Every structure is written in structure tokens, then in C-alpha cells.
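Report on one structure; see the data block that follows.
The values are calculated or read from the model by the stated rules, or taken from the named source; none is laboratory data. Remember, predicted model here, so these are calculated numbers, not experimental data. Cβ atoms come from the backbone with ideal geometry, glycine included; neighbour counts cover every protein chain shown. Ligands, DNA and RNA are stripped out before the accessible areas are found, and what is left, the full protein with its side chains, is counted by its heavy atoms. Shrake-Rupley method; radii C 1.70, N 1.55, O 1.52, S 1.80 Å.
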There are 2 protein chains.
Amino acid sequence: MPRLSISVNEYRNRVERLREELKKRELDAFLITNGVSIFYMSGFYHMVTERPAALLIPGDGDLSFMGPLLEADHLKHQTQLVKHIHTYLDYPGTTHPIDLFAKWLSDLGYAKSKIGTDNTSGASATMGYTGPPLTEKLPEAKLVKADDILWEMRLTKSPEELDLIRESAKWGNLAHQLLQEYTSPGRWDADVALEATMEATAIMKKTLGPQYTPTAGTRCCSAGFRGQVGSKSAMPHSIAIERPIKQGDVLVTGAGADVGGYNSELERTMIVGPPTDRQKQYFEVMMEAQDAAISALKPGASCADVDIAANKIIHKAGHKELVRHHTGHGIGLQGHEPPWLDQGNPVLLKPGMVVSIEPGIYRLGYAGFRHSDTLIVTADGNELVTYYPRDLESLTI
Amino acid sequence: MPRLSISVNEYRNRVERLREELKKRELDAFLITNGVSIFYMSGFYHMVTERPAALLIPGDGDLSFMGPLLEADHLKHQTQLVKHIHTYLDYPGTTHPIDLFAKWLSDLGYAKSKIGTDNTSGASATMGYTGPPLTEKLPEAKLVKADDILWEMRLTKSPEELDLIRESAKWGNLAHQLLQEYTSPGRWDADVALEATMEATAIMKKTLGPQYTPTAGTRCCSAGFRGQVGSKSAMPHSIAIERPIKQGDVLVTGAGADVGGYNSELERTMIVGPPTDRQKQYFEVMMEAQDAAISALKPGASCADVDIAANKIIHKAGHKELVRHHTGHGIGLQGHEPPWLDQGNPVLLKPGMVVSIEPGIYRLGYAGFRHSDTLIVTADGNELVTYYPRDLESLTI
């Protein structure tokens, strides 16, 4: 059976790694309020809303959760690692949750402790949540922002994480294949995207079986255009769509899949109908820039080196002013996460880092050109995780 | 033509309302970093990432934007209200964006000003962004957290906003109707959800025409189950799905649509096959609680009154321990926003507030029962915006 989630053992190892860091920094415990980080440390995923929730990882002893009653049953269903579950009925409640957070930490013996946290205010504070900072309610404790510990842990992926990302790439590939098959002049991009997404999701579920469940929502895998159709392909993250696909359009796609909370990123530039010479020229520069960045991706090189390698090609072709973003970003539990493949980022590449490589060139009013692939930095170079064809012939509708 | 977006005039009025409040508080300008709030004040919507972006609304004079180059073309495309656009290539960049933010504000003459903001750190800080707080880079300026101004403005909706929410409800209704039609034993909830979503989205786009575009992503409207199938209907926000729908299941659905960035919420409890007496009993208590809450929703009553009215019915039926959340929440640009219909919330209801009414009862291991409707508080009571049938017969598959 393919690996579809992180093992309990790996979660235990993560907790131990965090604890080693707590010892070094003389912190008594770590308080996590970010939903993704709670998932990373425990395997418990929830929809983050105005209702504050937090996971406490003590220096030793059992993990403890405090959050809305709504989440208590999920938590028990999803993880055995959290032994103590404390809840409040809802936000704002007759007693503000932050007061209950302070009582929870005091009852656990942390009223005068030094506690690391990702958020000294004690609550994620989305959707209009308001409340006093937790520090005000625990005046003798010292809350120290230390989420760099979590980011450092997440920066290089374990063999289990890499397996999930590789599995994700397979289903992104299927969704993209269907997207390409269903693309034709006269169709709306939203219709094509939903049709491909629906069919690929159904196949993915039937293939992987009932033990596979998407972490959030009902989209197991998906593919689409995000509005990057025709001249709007020149606006990355374009979002909106105003007319159907037509002959001669440049399309920039995107596909991915959720496996155990992990993602991959696959994007392609497609041309509807025979490409013009002008389209071919831009496409080739983009491909050459991506090739150069891929060649530069290896341990010991810096993140900046990869970005500079791609830019060198684009600048040489005379398209410096058509660059709208850097060459890539880390990917894992989130669609974007460190490390940033950016000319200003001196961080050195290490085996286990996972990144997108996606230099793009965008001629406003005409078209944009970008492929994105997901790659793992390996001991002696890199591994291309996404494997959808990149050549123009394969990508011509 | 139906209203599909907020008018330029209304955006101008919002800016003027904000400015009046700035004067009262003796603030020279207002700095917004939250993506939804930038949209609310200007009509410019973007995907929030690690790249910081901000809108400056001066006490008088033109609006100014600072953000990643990636967004500059979108901004010009989406709004005429922002006259000055400043950009940086990407994050982290050779110069950290926060230094450029400080320079931007200094160049505008605010180096020693008192500036209201939704975020004194100067950046939304998602996806692993790190950087020093803006206050450190503008030591002589005073940044004052004042996002309560924006929340107060958003708390009651204008006639234009109400029109968009009413239009949203229509398309949520269609998506839900198709969801119900396509639901049958043996089908996966994800397949049914995507099929209904795809078809309703295609119809919605064809009906409203090319001038309609969804604000984010490609889903114009959608319907689904969020994993609330069978015994998992007892876990609100359950997310994951592990088996197909079967005879005897209780299902809790959800549907909505994006019209000009505004949402509505429609949720129904459906039964697959003839309901049992036990199912009927829970369903009736839930309906009675929803009716009581709707009756209590009127200007002058408090948010707590509405929650208490629903709870009274549920407690009387002996199901106090089956309550997992309060009766409802505000809705508008976000799926959840103030006001909270919560027993601990003394806020008084006012005409123009828009809320969900959704008391639920959840018997773990058995099933959950919840309808959610969107309502507007009016001068003399309320208006039911969602109009999908609520009775058991209509909701039996």
C-alpha cells in the first residue's frame, strides 16, 4: 500500500527534535497556535477560524490541546499523540477563551515559565477575532517567539515526507493530463478545470482506496488556469476569467494533489493551435531559463545561485523587464514555504529541501510563459519529482 | 443587469468614512496589510503569500500601494482608486521589502506621523515570511493598531453589499439543488460535490455573462459535504471522507457562491432513504431551535439573545450535551466574521447586519443535525436570504 500519511513514529521524532531545541534554549514548553504547525507536530488538522486553538508541547510529558469543543472529536479521531484535551464551547463565550488559555497553562504549572511560541498573542486572530494578548493574562510567564525552530525543522524533508510529495506529483500529473485533453477553443477555463479536477479526484480516490482522504476540503487533486488565459497569462496569480479559451491563446496551467497534507506543484505553458514564431521564441527562453535553474539546484549552491542562473538567460535574451517574480519557492505542507529561490537569499541548499523551479517571462498585453516543476535537492544534485512533458510540441492543443 | 460588484462610488464612500474616523482619532493615515481589508477599501483582490503588500490611505490625497511587482498589473486592472503603485521584485530580495516599506512611507512624508494600521509589524507574515517589525524601521513614527475601524465599518452592510449577498444565495441554491439531485447511495461525497459544483458553476457563468468573474479561484459557486456523512455528520468541519454514501445516512451539506467577493451560507441536513423515528426526533428539535433563533433575530435584541433562544429549545429537549458550537456568525467578505451569535456576546443587532443561523445537535457515533441559513437584520425583524426548503420531506433522498 502506498504511504498516504506521516507515521506516528515520525510525529514522535518531531516532538523529540523540538524538545532538544527547547533544552538548548532553556524553554520549559512550546505553545503552537498556527493550524499548519499543529498539524505538523501532531497530525491533527482543523479549519482555522476565529476560535483560538493551541497545542502545548511540554519539555517532557504528554502533549495538551486547548481549543473549541467543535474540534475535540476530530482531534481524538486523527491523532493518538495528544493525551489531554481541554475545550471551551465557542468564541467569544461567557468567559473569553484567552482567559481559559491562561488558566489551562497555569493549571499545567507554566504560570511562571519560559515558554517558546509561534505567537505571543496566544491566538491566530483571523476572521475578526479580538482579545487581549496571552502575555497580559500570564504576567509572570515569559512567552518567547521561537517559530524559527519549526521552520528550520520543516526546511528539509524526511524520507516519509518525500514519499508523500512524490505520490502527490502522480495525481497532479493525471489532473493536468485531463486538463490538457479537455482544453479546446470555445470552452470556459473554469469548466475545463472543474471537469479535469472532478474526474482526476474520482480516479485518485478509487485507486488509493478508502484509506486515502484529502486533508482539507473535497479536492483530492486539481488542475486549472487561475485566469491565466490569453493576454491574461501575462498576469501570474491572475484569478479572474472573462471570456472562453480561443485559438492562438497562451495558457498557463497549475495542478497538484494533497497526499497526507503534502503538495506538489506542476505548471505548464500551453498554446492553443500552432504556435507562432513569437510564441516559440518566448517559450524557448523560458525553457532555457528553467533548464539553467535546474542545473544550478544542488547541495552547497545557494538559493540565490539558482535564481541568478535563470535570470542570466532571461537577461541575455533581452527580457529583463519581463521578469515579475523570483525563480521558485519551497513546497511541502504549504503551497509556498521557505526556502526562497531568490537572488537576495544566501541560504545554502541541502539534501531534502523541496522547491518549485518556475522562472517566468510576462509581456503585458500579449502573454506570459512559465513552467513550474517540483524538485528535491539530493546528495549529488536534484530529483525532478514532476514529470509532465515540458516541450512545446507536447503542450500544443 | 444584476449588480455583480461594488460601485466605485461606494469604495469612495468607504474611504471617506475611514477618513472621518482618522480625524477623530488624530491619525495622519491608515496602513492596511490584510488582503481582505485591502479589497474592502479599494476593490483590489490578490492572493496573499509570503510577499508583503500594503495599502496606504492618507488623511487626504491619493491612495498608495506598495507590494510585489507580480501584483502591479492586477491592481491597475481591478481598481482606478489607487493612484500610486510602488513595487519590489520579490521576497526576500536583495533589500528586504520592509526596508522599502519604510522608505515608501518616509518618501510620502509619514516618517514622524501617527499612522493607524491593522498590523503594526507591517506584513501579514504568512507562509514563512520573516522580517523585523515596521516600527523598528520607522522609529519616529507611531503605528497604532486600529483595525476596529474596519471591522466596525464591515459590521453592517450597505444596500449594494446586501444585493451581492442576495445574488450569491441564488447560486448557492442552484448548487445545493444539484447536490441533492446527484446524491445517492453508493456514490462518493466528493464526486457528488464536484459534479454539482461544476454544473452550477457553468450555468452561473453562462447566466450572468462574461462580466461575472469569481473573486478567487475558479469556483463561482459550490456545494459539498465537508466529510459530514453518516456518523461523521456528528463532527462539524469534519473534512475527511472514508466511504461512499449509503442508505440510512444523515448528511450535512454546505453551499455558497462568490458574487463580487461576497458570500452566503446555506446548509441542510438530508437523510438518505426514509428517516427513522430517532432521526425525525433530532431533526425536529434542530428545526425548532433554528425557528426560535430566527424569531429572536431583530434590531435591539442582542447577539446573545439569539443564541440563548436556540439553546433553550435544545436544552428543553434534553440535548444540552449535544451542542458543539454557538448559533451563528456574521458573513460577508469572509465566511465567518463578526457579529458572533454567542451567549457571551452583548453586541446589539442592527439593521444591515448579515448572519448565519445554524444551531446544531451532534450525537457522537450516531449523527449530526444542522441547517444553516443566511439572514439580514432589517428595521422590523429579519429577511431570510437563503430559501432552500428546510422541511424533512423535501430533504429526504
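Okay, residues lined up against (1) out of contact with any Leu (no Cβ under 6 Å at 6 or more places or on another chain); (2) assigned by TED's automatic domain parsing to the domain that holds A:Arg363; (3) farther than 14 Å from A:Ser356 by Cα:
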site	(1), (2), (3)
A:Asp291	yes, yes, no
A:Ile294	yes, yes, no
A:Pro299	no, yes, yes
A:Cys303	no, yes, no
A:Ile308	yes, yes, yes
A:Ile313	yes, yes, yes
A:Leu322	yes, yes, yes
A:Thr327	no, yes, no
A:Ile331	yes, yes, no
Inset, instruction - Name, by its number, the condition in (1) within 12 Å of another protein chain (Cβ to nearest Cβ); (2) not in a strand (DSSP E or B) that does not hold for A:Gln247. - result: (1)
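Assess whether B:Gly128 counts as being within 14 Å of chain A (Cβ to nearest Cβ) and small (Gly, Ala, Ser).
Yes, satisfied.
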Inset, instruction - Kindly establish whether B:Gly332 is open to solvent by less than 30 Å² (accessible area, probe 1.4 Å), touching a Phe, Trp or Tyr at 6+ places or on another chain (Cβ under 7 Å) and within 30 Å of B:Gln247 (Cβ to Cβ). - result: no
Inset, instruction - Consider A:Glu167 carefully, then state whether it is in a helix (DSSP H, G or I) and open to solvent by less than 30 Å² (accessible area, probe 1.4 Å). - result: yes
Legend entry - Failed condition for B:Val354, given (1) under 23 Å from A:Glu71 (Cα atoms); (2) open to solvent by less than 10 Å² (accessible area, probe 1.4 Å); (3) of a type outside the set (Lys, Arg): (1)
Inset, instruction - Considering only region B:107-125, state which residues are part of a loop (DSSP other than H, G, I, E, B) and of a type in the set (S, T, N, Q). - result: B:Ser113, B:Asn119, B:Thr120, B:Ser121, B:Ser124
Legend entry - Failed condition for B:Ser295, given (1) farther than 30 Å from A:Asp258 by Cβ; (2) over 28 Å from the mean Cα position of the chain (by Cα); (3) open to solvent by 10 Å² or more (accessible area, probe 1.4 Å): (2)
Inset, instruction - Determine whether region B:255-264 contains at least one residue that is open to solvent by 30 Å² or more (accessible area, probe 1.4 Å), touching a Gly at 6+ places or on another chain (Cβ under 8 Å) and of a type outside the set (Phe, Trp, Tyr). - result: yes
Legend entry - Filter result for the condition that a residue is touching a strand residue (DSSP E or B) at 6+ places or on another chain (Cβ under 9 Å) and more than 12 Å from chain A (Cβ to nearest Cβ), over B:Leu384, B:Leu341: B:Leu384
Inset, instruction - Could you run through region B:225-244 and say how many residues are open to solvent by 10 Å² or more (accessible area, probe 1.4 Å) and in a loop (DSSP other than H, G, I, E, B)? - result: 7
Inset, instruction - Scan region B:147-160 residue by residue and report those that are assigned to a loop (DSSP other than H, G, I, E, B), open to solvent by less than 30 Å² (accessible area, probe 1.4 Å) and under 15 Å from B:Ile57 (Cβ atoms). - result: none
Inset, instruction - Name every residue in region A:89-113 that is of a type in the set (A, V, I, L, M), out of contact with any Ser or Thr (no Cβ under 9 Å at 6 or more places or on another chain) and open to solvent by less than 20 Å² (accessible area, probe 1.4 Å), in order of residue number. - result: A:Ala102
Inset, instruction - Quickly run through region A:176-207 and pick out the residues that are over 20 Å from A:Val250 (Cβ atoms) and open to solvent by less than 10 Å² (accessible area, probe 1.4 Å). - result: A:Leu194, A:Thr197, A:Ala200, A:Thr201, A:Met204, A:Lys205
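Can you confirm whether region B:291-305 contains a residue that is basic (Lys, Arg) and part of a helix (DSSP H, G or I)?
Let us first name the residues in region B:291-305 that are basic (Lys, Arg), namely B:298.
This time we only want the ones that are part of a helix (DSSP H, G or I), so: none.
No, because not a single residue in region B:291-305 is basic (Lys, Arg) and part of a helix (DSSP H, G or I).
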Legend entry - In region B:185-227, the residues that are more than 8 Å from chain A (Cβ to nearest Cβ), in contact with a helix residue (DSSP H, G or I) (Cβ under 8 Å, 6 or more places away or on another chain) and polar (S, T, N, Q): B:Ser222
Inset, instruction - Would you mind listing the strands (runs of 3 or more DSSP E) fully within region B:1-88 where at least 3 residues are surrounded by 23 or more Cβ atoms within 10 Å (Cβ to Cβ)? - result: B:29-32, B:54-58, B:63-68
Inset, instruction - Check A:Gly116 against each of (1) open to solvent by 10 Å² or more (accessible area, probe 1.4 Å); (2) assigned by TED's automatic domain parsing to the domain that holds A:Thr49; (3) touching a residue at least 24 places away in the same chain (Cβ under 8 Å) and name the one condition it does not meet. - result: (1)
Inset, instruction - Could you tell me whether A:Leu364 is of a type in the set (A, V, I, L, M) and over 22 Å from the mean Cα position of the chain (by Cα)? - result: yes
Legend entry - Index of the failed condition, A:Val144 passing every other in (1) aliphatic (A, V, I, L, M); (2) in contact with a Ser or Thr (Cβ under 8 Å, 6 or more places away or on another chain); (3) part of a helix (DSSP H, G or I): (3)
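Of all residues in region B:357-397, count the ones that are of a type in the set (Val, Ile, Thr), in a loop (DSSP other than H, G, I, E, B) and surrounded by fewer than 21 Cβ atoms within 10 Å (Cβ to Cβ).
1
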Inset, instruction - Please verify whether region B:355-372 includes one or more residues that are in the same structural domain as B:Ala257 (by TED's automatic domain parsing) and without any contact (Cβ under 8 Å) to a residue 40 or more places away in the chain. - result: no
